1. For Val180, enumerate residues with amide H under 5 Å from its amide H, sequence gap 5+ or separate chain, H modeled in the peptide plane.
2. For Lys163 and Thr217, what is the calculated FRET efficiency with R₀ set at 22 Å and r taken between the beta-carbons, to the nearest 0.05?
3. Is the C-alpha gyration tensor of the range 1-101 telling us rounded, prolate or oblate? Criteria: a/c under 1.5 is rounded; beyond that, a/b larger than b/c is prolate, otherwise oblate.
4. If we count other beta carbons within 10 Å of each Cβ, what is the order of His242, His8, fewest first?
5. Per residue of the range 212-223, in order, report the coupling 6.51 cos²θ - 1.76 cosθ + 1.60 (Karplus, θ = phi - 60°) as ³J(HN,Hα) in whole Hz, putting x for Gly and Pro.
6. Which cross-chain or sequence-distant (5 or more) residues have an amide H under 5 Å from the amide H of Leu203, H modelled 1.01 Å from N in plane?
7. Suppose we flag GluC sites (Glu not before Pro) only when DSSP calls them loop and at most 13 other Cβ atoms lie within 10 Å. Which is the longest uninterrupted stretch of the chain?
8. What Rg and what Dmax come out for the range 85-184 when only alpha-carbon atoms are used, in angstroms?
Amino acid sequence: MKALRVLHTGYGFVVFGLLFAILLPFLFIPIIFPGQHKLVGVLNRWWARLMFIFILIPFRVEYRNKPDPKKRYIFCPNHFSYLDIPAMGLNRLNAVFVGKNEISKVPVFGYMYRKLHITVNRSSMKSRSESLKQSMAAIDEGKNLVIFPEGGIVTHKDPVMGKFKDGAFRIAIEKQIAIVPVTIPFNWIILPPDQFLLRWHPLTVVFHEPIETIGLTLNDVDELKKKVFHIINHELDRQLHHENRSLVTG
């Protein structure tokens, strides 16, 4: 069984690399012409869909409320697996990621990521401050953001979320835009961060109803964090409970 997982993972890397090579020329368009930034989300969406199709991982994207393409949102998903990044690429709304700067060190891919998205070194106050400014500017430019509020894969007991950072919630309140909690319940099963070997399992992404921040102040950051945490965690419990019942009855 492990040998099959190794082969599946190797094949997945090949698919990922080939799709990146095919899309690479198109990724230069929004770099050269920043006004075409919407292409980032479009290309991410094609990349994610094709990758999951070719690596034979079925996926389901559920929207509890249809997002308004005329509004700006910050999408906040739980983060248990490296597969969460391409999973968020399935989003029907175009968005840029705010992620760790370690990604930018990957040859070629890292360069594109740094140019198209926002990177942050969480151990550096200066970097955190700069990423905050870049995120604010991105919203002013009409972009949606994807921010993993845990600040990375921090849990040591899947699927238990880590403590949320303030960043996404401060930005949402200061810009008075809605936060969309996102639950990704099974990626820690499909690609465990401690093993980095693919395991077959259907992938699910649940986009919850947006939480408006109009009228909120920075004094409400903690309450907003708790609300988003509860929504994501409740859906995690529900999905995993259903999964366990299916295994028992199956």
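What follows draws every value from the coordinates through simple rules; no lab data is involved. Source: prediction; values computed, not measured. Neighbour counts are summed over all protein chains in view; Cβ atoms, including those assigned to glycine, are modelled from backbone coordinates with ideal geometry.
1. Ile74, Phe75, Cys76, Ile211
2. With R0 = 22 Å, the Cβ-Cβ based efficiency is 0.50.
3. It comes out oblate by the Cα gyration axes.
4. His242, His8
5. My calculation for the range 212-223 gives 6, 10, 4, x, 7, 10, 5, 5, 9, 4, 4, 5 Hz in order.
6. Counting only residues 5 or more places away or on other chains, the set is Phe59, Arg60.
7. 1-140
8. 13.5, 38
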